[in-house]
């Protein structure tokens with residue numbers, strides 16, 4: 001300090017008078033300013049405050065003043081929004097112009113005339129839909145009686161079982177036909193609770209939870225447990241319900257090739273580094289016990305080993321395997337002798353082998369209870385009609401009563417025998433081998449037939465439709481609805497329908513895959529579906545096989561690109577809209 | 001009957017392309033900024049939609065009157081608490097009050113990200129509570145108040161206690177620790193210190 005003063009004095013000695021006068025002027029002004037401030041009410045308070053906190057340290061005072069200035073500046077700044085920059089500001093006139101220009105799109109695009117046949121081809125069943133049905137032509141009123149119903153997924157033929165019917169009727173007499181409310185209001189009735197218990201007991205889980213519809217079970221259960229930042233690894237052949245479920249959960253999705261557990265392990269291995277360092281998230285492997293699109297099952301034993309090794313949870317969709325696989329219809333885990341507790345979440349449908357309607361989810365108690373408040377379909381959708389619940393309970397109790405150790409359940413055995421028989425007949429048929437390939441495995445009650453690769457090539461049909469990189473997905477991305485239509489896909493489906501129509505004339509009702517191409521994330525191949533039923537006898541199967549073999553081989557063998565074009569020509573020609 | 005487990009499918013169905021180009025997505029997730037200072041990327045349209053599903057309960061409570069008063073009450077209680085401990089003199093008691101408040105509010109407003117509730121599908125997972133308040137708008141009344149509290153606390157504590165230089169520095173640094181992250185320039189900015197912070 002003293003050094004500074006002496007240098008200052010030395011300098012001022014040599015400096016002109018004006019500078020000294022100026023400095024003394026400034027000092028005087030400063031004193032006047034201080035006195036002025038003291039006169040202002042409260043001014044002395046401020047000065048005292050500054051003096052007290054100054055404590056002979058100008059740096060400290062400077063810092064505090066700066067801080068106070070920041071606060072004051074912050075306090076007087078006016079509010080602004082971060083989003084404001086991104087917003088487009090339009091004048092009143094521009095807004096009006098946009099409104100005038102706007103033409104509402106129709107809720108649904110108009111039906112194409114090429115697609116009209118799809119609606120006409122829907123069969124109308126007269127009377128109850130058991131394993132034998134009567135079809136009525138809605139235009140002529142002509143009735144075809146006593147068809148073998150191979151389009152129904154009531155595999156165990158429980159839909160019209162007298163015992164099940166009586167239980168359903170009893171419940172209707174007690175509490176009417178509808179639940180009329182979501183489960184959490186007054187939708188839950190005793191039969192729902194009983195069904196949850198029955199399912200949990202039957203499948204060997206702690207707790208079961210019932211959903212009003214099977215399709216929305218997965219789309220509700222999976223997003224209930226997964227959110228952003230979580231990881232789900234999905235089989236690359238799952239049904240559209242699971243695809244949508246993974247999509248709307250907003251988590252990160254990886255796909256492994258259908259039932260290719262080596263590929264699954266490869267993906268898990270490549271994720272390891274990332275999983276170790278990130279925050280702990282929820283991790284699921286999602287697959288189907290019996291694939292809807294391929295009719296085969298994963299190697300569950302290895303799958304469980306893999307998920308335990310990599311600390312993932314397993315989400316198994318047993319929609320098709322409950323009631324059809326295993327000695328007592330307990331699904332894939334029964335086949336492999338794996339306890340249900342190894343599978344964290346099991347979902348399934350009551351609408352197929354259990355002969356009712358609705359969906360369910362079973363697993364550990366906490367998992368099921370969590371859904372009561374967090375699962376959208378459970379909280380917001382109407383509960384399952386009580387009679388459906390008691391019908392499903394009736395089926396389960398029948399299956400449990402018929403259980404004998406070391407034997408295949410007498411309700412399940414005919415289904416498995418019939419499946420085996422029809423599968424081997426179709427697989428060994430020489431005539432069919434050239435034109436169609438059996439895609440499903442021998443244990444699948446849904447037998448899946450596809451056009452053989454050689455035939456597809458001959459007819460100039462692509463290997464598959466939709467899926468990654470396809471025109472349809474591009475059209476969806478760009479919002480071009482007219483691009484959703486695939487001409488080849490429509491034609492191939494039409495060819496399959498031709499065979500179905502012909503089979504109806506011969507007394508066998510089969511069906512085909514009906515997929516909306518722009519809803520599928522994965523590539524699809526149109527297939528003929530033959531659903532085996534426990535209610536058929538050997539003669540029925542033999543008859544069905546002969547009809548199917550004959551119809552398919554006469555339609556397809558010798559069919560070439562020209563013939564195919566002629567066959568489907570009427571699609572583009574017809575004028576009915 | 002002992003059913004043999006099913007054999008593995010003979011020819012696994014091969015997908016030509018993975019539906020989500022998983023590799024680019026993975027790179028995207030794995031990419032971590034090597035720079036010390038990075039900025040949180042703006043939300044995608046989808047995330048914004050999820051943020052709008054429901055008002056953000058994690059950030060909205062700061063608008064209540066009680067939420068403002070509680071800051072003052074907590075500070076007074078802290079000061080009383082430290083005054084009651086005989087081994088601390090006035091300087092120490094003010095410093096501890098200041099530092100305790102700062103640590104608490106830093107953890108609450110600037111450390112923890114996301115929301116404790118699951119209403120927005122994790123759409124706020126990358127944002128601190130300060131960034132969630134008023135949807136990230138700046139200079140809103142509540143932000144002015146919350147900015148003013150630590151500064152005011154610092155100024156009066158330096159006034160009422162005769163800090164030595166060491167304590168003064170401690171208090172100033174503590175104050176700046178909560179003032180700087182609140183400035184508009186710090187919005188969505190993350191400071192990455194290798195091995196200390198685990199920010200993404």
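The values are calculated or read from the model by the stated rules, or taken from the named source; none is laboratory data. Keep in mind that this is a model prediction, so the values were computed, not measured. Quick reminder, even Gly has a Cβ in these numbers, built from the backbone with ideal geometry, and neighbours come from all protein chains shown.
Considered as a group, the residues in segment B:178-189 that are in contact (Cβ under 8 Å) with a residue 40 or more places away in the chain and away from every other protein chain (no Cβ under 11 Å) include one that is surrounded by the most Cβ atoms within 10 Å (Cβ to Cβ), and that residue is B:178. Residue-level analysis places residue B:88 outside the set of residues that are facing chain A (nearest Cβ under 8 Å) and either more than 27 Å from residue B:57 (Cβ to Cβ) or in contact with a strand residue (DSSP E or B) (Cβ under 8 Å, 6 or more places away or on another chain) (or both). Filtering A:393, A:397, A:356 for residues that are surrounded by 24 or more Cβ atoms within 10 Å (Cβ to Cβ), in a helix (DSSP H, G or I) and more than 14 Å from chain B (Cβ to nearest Cβ) leaves a single hit, A:393. Could you say whether any residue in segment B:93-114 is modelled with pLDDT of 85 or more, farther than 25 Å from residue B:174 by Cα, within 12 Å of another protein chain (Cβ to nearest Cβ) and buried (at least 19 other Cβ atoms within 10 Å of the Cβ)? No; the residues of segment B:93-114 include none that is modelled with pLDDT of 85 or more, farther than 25 Å from residue B:174 by Cα, within 12 Å of another protein chain (Cβ to nearest Cβ) and buried (at least 19 other Cβ atoms within 10 Å of the Cβ). Inside segment A:287-330, can you point out the residues that are within 10 Å of chain B (Cβ to nearest Cβ) and part of a helix (DSSP H, G or I)? Hits for segment A:287-330 are A:300, A:301, A:302. Condition check for residue B:121 on (1) more than 19 Å from residue A:77 (Cα to Cα); (2) crowded, with 20+ Cβ neighbours inside 10 Å; (3) at pLDDT 85 or above: one failure, at (3).
Note on segment B:151-196: among residues that are assigned to a helix (DSSP H, G or I) and in contact with a strand residue (DSSP E or B) (Cβ under 9 Å, 6 or more places away or on another chain), the one that is farthest from residue B:88 (Cα to Cα) is B:184.
Being in contact with a strand residue (DSSP E or B) (Cβ under 6 Å, 6 or more places away or on another chain) and surrounded by fewer than 23 Cβ atoms within 10 Å (Cβ to Cβ) is a description that does not apply to residue A:413. Which residue out of A:524, A:532 is within 23 Å of residue A:242 (Cα to Cα) and in contact (Cβ under 8 Å) with a residue 24 or more places away in the chain? A:524 is the lone residue from the list that is within 23 Å of residue A:242 (Cα to Cα) and in contact (Cβ under 8 Å) with a residue 24 or more places away in the chain.
Do the conditions hold for residue A:350, that is, is it in contact (Cβ under 8 Å) with a residue 60 or more places away in the chain, surrounded by 23 or more Cβ atoms within 10 Å (Cβ to Cβ), more than 14 Å from chain B (Cβ to nearest Cβ) and under 21 Å from the mean Cα position of the chain (by Cα)? Answer is yes for this residue.
For residue B:125, are the conditions met, namely being over 13 Å from the mean Cα position of the chain (by Cα) and facing chain A (nearest Cβ under 9 Å)? So residue B:125 fails the test. Taken as a whole, segment B:128-140 holds no residue that is in a helix (DSSP H, G or I), buried (at least 16 other Cβ atoms within 10 Å of the Cβ) and touching a strand residue (DSSP E or B) at 6+ places or on another chain (Cβ under 7 Å). If the condition is being under 17 Å from the mean Cα position of the chain (by Cα) and within 9 Å of chain A (Cβ to nearest Cβ), then segment B:132-143 contributes B:134, B:135, B:136, B:137, B:138, B:143. Go through segment A:325-350 and count every residue that is in contact with a strand residue (DSSP E or B) (Cβ under 7 Å, 6 or more places away or on another chain) and under 22 Å from residue A:391 (Cα atoms). Count: 5.
Look at residue A:74 and say whether it is touching a helix residue (DSSP H, G or I) at 6+ places or on another chain (Cβ under 9 Å), at pLDDT below 85 and within 11 Å of another protein chain (Cβ to nearest Cβ). Against the criterion (touching a helix residue (DSSP H, G or I) at 6+ places or on another chain (Cβ under 9 Å), at pLDDT below 85 and within 11 Å of another protein chain (Cβ to nearest Cβ)), residue A:74 does not qualify. Answer yes if at least one residue in segment A:234-250 is surrounded by 22 or more Cβ atoms within 10 Å (Cβ to Cβ), more than 8 Å from chain B (Cβ to nearest Cβ), over 16 Å from the mean Cα position of the chain (by Cα) and under 30 Å from residue A:513 (Cα atoms), and no otherwise. Looking through segment A:234-250, none of the residues is surrounded by 22 or more Cβ atoms within 10 Å (Cβ to Cβ), more than 8 Å from chain B (Cβ to nearest Cβ), over 16 Å from the mean Cα position of the chain (by Cα) and under 30 Å from residue A:513 (Cα atoms). If you check residue A:460 against the conditions, is it buried (at least 16 other Cβ atoms within 10 Å of the Cβ) and either assigned to a loop (DSSP other than H, G, I, E, B) or outside the structural domain of residue A:295 (by TED's automatic domain parsing) (or both)? Considered against the rule, which asks whether it is buried (at least 16 other Cβ atoms within 10 Å of the Cβ) and either assigned to a loop (DSSP other than H, G, I, E, B) or outside the structural domain of residue A:295 (by TED's automatic domain parsing) (or both), residue A:460 comes out as no.
Residue B:168 fulfils the conditions (1) under 23 Å from residue B:68 (Cβ atoms); (2) at pLDDT below 90; (3) buried (at least 21 other Cβ atoms within 10 Å of the Cβ) except for a single criterion, (1). When residue B:74 is tested against (1) free of Cβ contacts under 8 Å to residues at least 60 places away in the same chain; (2) touching a helix residue (DSSP H, G or I) at 6+ places or on another chain (Cβ under 9 Å); (3) under 28 Å from residue B:42 (Cα atoms); (4) surrounded by fewer than 17 Cβ atoms within 10 Å (Cβ to Cβ), just one condition goes unmet, and that condition is (3). When segment A:214-230 is filtered for residues that are buried (at least 21 other Cβ atoms within 10 Å of the Cβ) and within 11 Å of chain B (Cβ to nearest Cβ), the ones remaining, listed by number, are A:223, A:224, A:225, A:226.
Of everything listed in (1) surrounded by fewer than 22 Cβ atoms within 10 Å (Cβ to Cβ); (2) within 14 Å of another protein chain (Cβ to nearest Cβ); (3) in contact with a helix residue (DSSP H, G or I) (Cβ under 8 Å, 6 or more places away or on another chain), the single unmet condition for residue A:254 is (1). Could you tell me how many of the residues in segment B:161-177 are more than 9 Å from chain A (Cβ to nearest Cβ) and touching a residue at least 60 places away in the same chain (Cβ under 8 Å)? Residues in segment B:161-177 being more than 9 Å from chain A (Cβ to nearest Cβ) and touching a residue at least 60 places away in the same chain (Cβ under 8 Å): 7 in total.
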